Amino acid sequence: MISHTLVNLIFIRISIFLLENALFVELSLLILTSFKLGIQPLSGSTTAITLKLSIITLCILEIFSLLFLYLPHKARLLQSKAIHPSPPLTQPQRQVLFQQCTANVPDWHRYLKLWFLNAPLDEIKHDNIRDFILWGFFDTDSSATLSPETESEINSYISHIETLSNHKFPPGRGNSTTALRLTFDPVQTRYRSIIWYLLVCAIDALTHLTLRRNNFTHHRPPLPPPPPAHSTPAVSPKLFHSFPPPVLSHLLPHHQAHSPSNHLSYHLRPHQSPSHNPVIFLHGIGIGLYPYPPLLLSLPKDIGLLIIENLPFSTRLTSPPLPKAVFLQELKSILTHLPPCWHKGFTLVTHSYGSVLATHILSDQTLSPSVTGLVLIDPVTILLHLPDVAYNFTRRPPARANEWQLWYFASMDLGVGEGLGRYFFWRENMLWRGDLLQNKTRKVAVVLSGRDLIVDTGTVARYLACEEGNWTRREDDRWGAVGQVRNHKTGDGIEILWFPELDHAQVFERERDYMVVGEVIERYCLLDGESDKKKKED
């Protein structure tokens, strides 16, 4: 994530303008070059003619991308509707979840303001709160016919919120007030040029080549894969299962292997260490695995690494995200085909959106016991009931350079918009403190950045640390000296690494930062006997 400076702001705004309006820019250049060359194409210099032919080629590619890639995927997105998890929550389950959520709201006025898109508190009325509760706890809207018992339950929730917020909601509905209801609201996206996807293709190829040179083998599923359950089939799956395509898979087929999963591709480094468990890594939203090799390659080379690729969140035009049950089944099929050392236990490392998949793994009775160590970097699932992640990622008007970068290159991406707007269900993705501590022998670390523009990391840190310590996020109030990392361990064993000056994902940019995280991962991979031996040596 870029830092906020005037130069970066100008650069990112110009980049966004050019990528979003690429076809008009290219056609304008074509007209200018045609005017300069005159009517006779061969009357100009060789350089000018070559330039004109290059622009014509780019225009053709741009139009092809618009007509046969962007618009069909956009049409699929407009036609898709969210299929919420089933079965729905029972009344006792809803009451437990509601009590848990409302007990962990540090600022009710801010909570209501962001969930209602900065509406004045006086404009938030009884029916607006009712719409919000129907979405959040009942997976429905105000058009549904409800029983008197359900209406009474909803009214009790509204009364409880009024008590906690010390604010009485007037009857009726605010004229211009709407709640942020992620899976019901229209998904907002922005067009991006074929140039951007070609750049992504090049970056992805370089990343794959870097991993290949470091003893990783890429495993890809059969093409085209069968459509996952409860999802709309991809557009033209035989030709465009994923665009941009995995170039190295076609150029270097002898460096590839088949994935036992029908939908998940992954990179695998063999596990050879007798003293450590292997690592499974789940990446976040962005250009695939591009930010992560420095951290992952800093781990000892004999520690096995399984890096799962989540293509719908990797700047791709591809199939929708896998439902929770399908993802877990696919991951199990991969683990089943790995050597026995992977079945004894592994350390699960995630970044950002990867914490969503980690939440699913921890909730699975088969996979959860195998997670002996857990390292969550910039997690988005802890205190997910708070509005910060949903609002900052999907609704915040960008102003700073890093906000513009997040808005255009992540939030407005077609795949990301579809994934978050139609396949992201907060109540099955949220991670509570108790979930981290359900296995008493599991080692848990949470890496937080003090200037995270997505997550309210100060509140998350206070929640994990049980209000211990000073976890400020103010821009003008930094904790400690420049570059100093705060390492705090709670009484029940949760380790918090606090990087006061970093933004979301910046922990991967400097060696002094990611080496701190790498040391924690390596320590968590140590087998119990080896860990005791190392403590005695130290």
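From the set of residues in region 394-423 that are touching a residue at least 40 places away in the same chain (Cβ under 8 Å) and in a loop (DSSP other than H, G, I, E, B), which is farthest from LEU322 (Cα to Cα)? That would be ARG400. Look at region 240-268: where a residue is open to solvent by 50 Å² or more (accessible area, probe 1.4 Å) and a partner is at pLDDT below 90 and part of a loop (DSSP other than H, G, I, E, B), sitting 6+ places away or on another chain with Cβ atoms under 6 Å, you get ASN262/PRO221; ASN262/PRO225; ASN262/PRO226. For region 328-361, what are the residues that are among the hydrophobic types (A, V, I, L, M, F, W, C), closer than 26 Å to GLY434 by Cβ and open to solvent by less than 10 Å² (accessible area, probe 1.4 Å)? Result: LEU331, PHE346, LEU348, VAL349, VAL356, ALA358, ILE361. Would you check which residues across region 117-137 are open to solvent by less than 30 Å² (accessible area, probe 1.4 Å), touching a residue at least 24 places away in the same chain (Cβ under 8 Å) and out of contact with any Gly (no Cβ under 8 Å at 6 or more places or on another chain) and list them? Scanning region 117-137 gives ILE129, ASP131, PHE132, ILE133, TRP135, GLY136, PHE137. Hey, could you check region 285-307 for residues that are hydrophobic (A, V, I, L, M, F, W, C) and either assigned to a loop (DSSP other than H, G, I, E, B) or surrounded by fewer than 21 Cβ atoms within 10 Å (Cβ to Cβ) (or both) and say which is nearest to the chain's Cα centre (by Cα)? Top of the filtered list is ILE285. Against the conditions (1) of a type outside the set (Ser, Thr, Tyr); (2) buried (at least 20 other Cβ atoms within 10 Å of the Cβ); (3) touching a strand residue (DSSP E or B) at 6+ places or on another chain (Cβ under 7 Å), PRO320 satisfies every one except (3). Of everything listed in (1) crowded, with 21+ Cβ neighbours inside 10 Å; (2) at pLDDT 90 or above, the single unmet condition for PRO274 is (1).
Would you check if there is a residue in region 401-410 being of a type in the set (Gly, Ala, Ser), modelled with pLDDT of 95 or more and more than 20 Å from the chain's Cα centre (by Cα)? No, region 401-410 contains no residue that is of a type in the set (Gly, Ala, Ser), modelled with pLDDT of 95 or more and more than 20 Å from the chain's Cα centre (by Cα). Restricting attention to region 362-393, the residues that are in contact with a helix residue (DSSP H, G or I) (Cβ under 6 Å, 6 or more places away or on another chain) and in a helix (DSSP H, G or I) total 4.
The values are calculated or read from the model by the stated rules, or taken from the named source; none is laboratory data. Here the structure is a predicted model, which is why all the values come from computation and not from measurement. All Cβ positions, glycine included, derive from the backbone under ideal geometry; neighbour counts span all protein chains shown. What goes into the accessible areas is simple: the full protein's heavy atoms, side chains included, and nothing from ligands, DNA or RNA. Shrake-Rupley method; radii C 1.70, N 1.55, O 1.52, S 1.80 Å.
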